[in-house]
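**Student:** Structure in structure tokens, see below.
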Amino acid sequence: SDDIEKIGVYPVITADEAKGLLLSGKFVTTVYENMPKEENIAGVELVYRNGYYDQTDLPYYKFYVELLDTGRDMTKEAGLKMYGAYYVPAVEEEWIADLEVWNGTFN
């Protein structure tokens, strides 16, 4: 689009590197439960988040993780699974100020 201003080119990490950050707690999510184990990761995709509070469009790895404590017995009884989205920045760590605030919550 013509209304998007390019502010730079940054090196992107691999999905495996992002998974390591995810498992070490460096992510943001709106999911209320703790990050499940690695075997609960169902998929990953590279996305650009551009929500209301995002000042720039940055690449993130979006991990789909099966939620274990859905609080909905009917879901489990029906054989359905619930998934949550966990976001990890896709640019190399040195390009992100204050990566330590990526503690599993939206700031």
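**Student:** What are the residues in region 58-71 that are more than 11 Å from the chain's Cα centre (by Cα), surrounded by 13 or more Cβ atoms within 10 Å (Cβ to Cβ) and either at pLDDT 80 or above or farther than 14 Å from Tyr83 by Cβ (or both), if any?
**Tutor:** Within region 58-71, Leu58, Glu66, Leu67 qualify.
**Student:** List the pairs whose first member sits in region 23-37 and is open to solvent by 60 Å² or more (accessible area, probe 1.4 Å), whose second member is in a loop (DSSP other than H, G, I, E, B) and not hydroxyl-bearing (Ser, Thr, Tyr), and whose Cβ atoms are under 8 Å apart, counting only residues at least 6 apart or on separate chains?
**Tutor:** Close Cβ pairs (under 8 Å, with a partner that is in a loop (DSSP other than H, G, I, E, B) and not hydroxyl-bearing (Ser, Thr, Tyr)) amount to Leu23/Met35; Thr30/Phe106; Asn34/Gly104.
**Student:** Can you find even one residue in region 31-43 that is out of contact with any His (no Cβ under 8 Å at 6 or more places or on another chain), at pLDDT below 70 and not acidic (Asp, Glu)?
**Tutor:** No, because not a single residue in region 31-43 is out of contact with any His (no Cβ under 8 Å at 6 or more places or on another chain), at pLDDT below 70 and not acidic (Asp, Glu).
The values are calculated or read from the model by the stated rules, or taken from the named source; none is laboratory data. These figures come from a predicted structure and were not determined experimentally. Don't worry about glycine lacking a Cβ; one is built from the backbone with ideal geometry, like all the others, and counts go over all protein chains shown. These accessible areas exclude ligands, DNA and RNA; they are computed on the full protein's heavy atoms, side chains included. Shrake-Rupley method; radii C 1.70, N 1.55, O 1.52, S 1.80 Å.
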